[in-house]
Amino acid sequence: MRIPALLTLLALAGCGGAQTGTSFGDVTLALDATPRADEAGVYLATERGYDTAEGVTLRLTRDGAADFRLTEHPPKGCVAVQAIVRPAKVVLCADEVILRDERPKVLAVARALARGYRQAQLEPNSAVAAIQTQVPGTDLRRLSAELDQVSSTWTAGAPYFGQLDAGPGRDPTIAREALEAG
């Protein structure tokens with residue numbers, strides 16, 4: 001009787017656990033003031049637990065201090081690590097201290113978001129529903145129309161999601177490493 005239960009636990013341990021074997025805990029991710037379709041991958045990643053599978057728990061905020069930001073213009077001290085809308089129109093940026101001192105955490109966030117965005121491209125209705133579930137009152141029709149227009153820009157002309165060209169205030173190695181580790 002105990003052997004089947006043990007086998008079930010072992011099977012579950014192999015699914016959904018942090019790929020790194022490390023738990024980084026909560027990280028804050030700042031988003032724009034108004035929900036938009038470019039955030040679909042974030043919401044799908046949190047709804048489906050892609051973040052916790054990587055050992056991080058994304059705490060979404062619309063203002064204030066944050067470890068990470070989804071932004072068009074990274075503020076001082078925030079290094080772009082992953083292109084969300086190509087070519088680097090919207091990026092994921094990481095606090096430069098976290099990037100320097102906690103690179104595995106940054107990679108975990110990048111892996112979780114890459115998975116969320118890839119799934120959002122495959123399942124746009126689920127992605128829009130994830131936004132509406134987590135942000136009640138959002139306009140589903142507007143988000144669906146936006147998603148139809150923007151989801152192809154997430155990977156347009158890139159060999160992988162998140163590819164970021166080198167340049168000042170950018171670390172293009174994160175998105176590449178996230179792909180290789182994912």
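The values are calculated or read from the model by the stated rules, or taken from the named source; none is laboratory data. The structure presented is a predicted model; accordingly, all values stated were derived computationally and were not measured. FYI the Cβ positions are ideal-geometry reconstructions off the backbone, even for glycines, and counts take in every protein chain you see.
For the reader, a short list of remarks on this structure follows.
- Test for residue 113: is it crowded, with 24+ Cβ neighbours inside 10 Å and part of a strand (DSSP E or B): no
- Any hit, the stretch 80-87, residues being touching a Ser or Thr at 6+ places or on another chain (Cβ under 7 Å), at pLDDT below 95 and not in a helix (DSSP H, G or I): yes
- Residue pairs whose Cβ atoms lie under 8 Å apart, sitting 6 or more positions apart in sequence or on different chains, and linking a residue in the stretch 161-182 that is at negative phi to a partner that is outside any loop (DSSP other than H, G, I, E, B) and hydroxyl-bearing (Ser, Thr, Tyr), are 161/117.
- Every residue from the stretch 144-181 that is hydrophobic (A, V, I, L, M, F, W, C), part of a helix (DSSP H, G or I) and within 22 Å of residue 50 (Cα to Cα): 147, 150, 154, 174, 175, 178, 179, 181
- Scanning the stretch 52-65 for residues that are closer than 12 Å to residue 27 by Cα, aliphatic (A, V, I, L, M) and at pLDDT 95 or above gives 56, 58, 60.
- Residue 120 farther than 20 Å from residue 28 by Cβ, part of a helix (DSSP H, G or I) and modelled with pLDDT of 95 or more: yes
- Only one entry of 112, 120 meets the criterion of being in contact with a Leu (Cβ under 6 Å, 6 or more places away or on another chain), within 25 Å of residue 34 (Cα to Cα) and of a type in the set (Gly, Ala, Ser), and that entry is 120.
- Scanning the stretch 88-101 for residues that are touching a helix residue (DSSP H, G or I) at 6+ places or on another chain (Cβ under 8 Å), at pLDDT 95 or above and not in a strand (DSSP E or B) yields a total of 2.
- Answer residue from the stretch 145-182, given it is small (Gly, Ala, Ser) and over 13 Å from residue 85 (Cβ atoms) and is surrounded by the fewest Cβ atoms within 10 Å (Cβ to Cβ) among those: 166
- Scanning the stretch 103-134 for residues that are within 13 Å of the chain's Cα centre (by Cα) and of a type in the set (Ser, Thr, Tyr) yields a single hit, 117.
- Any hit, the stretch 126-139, residues being more than 24 Å from residue 52 (Cβ to Cβ) and either in a loop (DSSP other than H, G, I, E, B) or aliphatic (A, V, I, L, M) (or both): yes
- Selection count, the stretch 49-73, where residues are surrounded by fewer than 18 Cβ atoms within 10 Å (Cβ to Cβ) and part of a loop (DSSP other than H, G, I, E, B): 7
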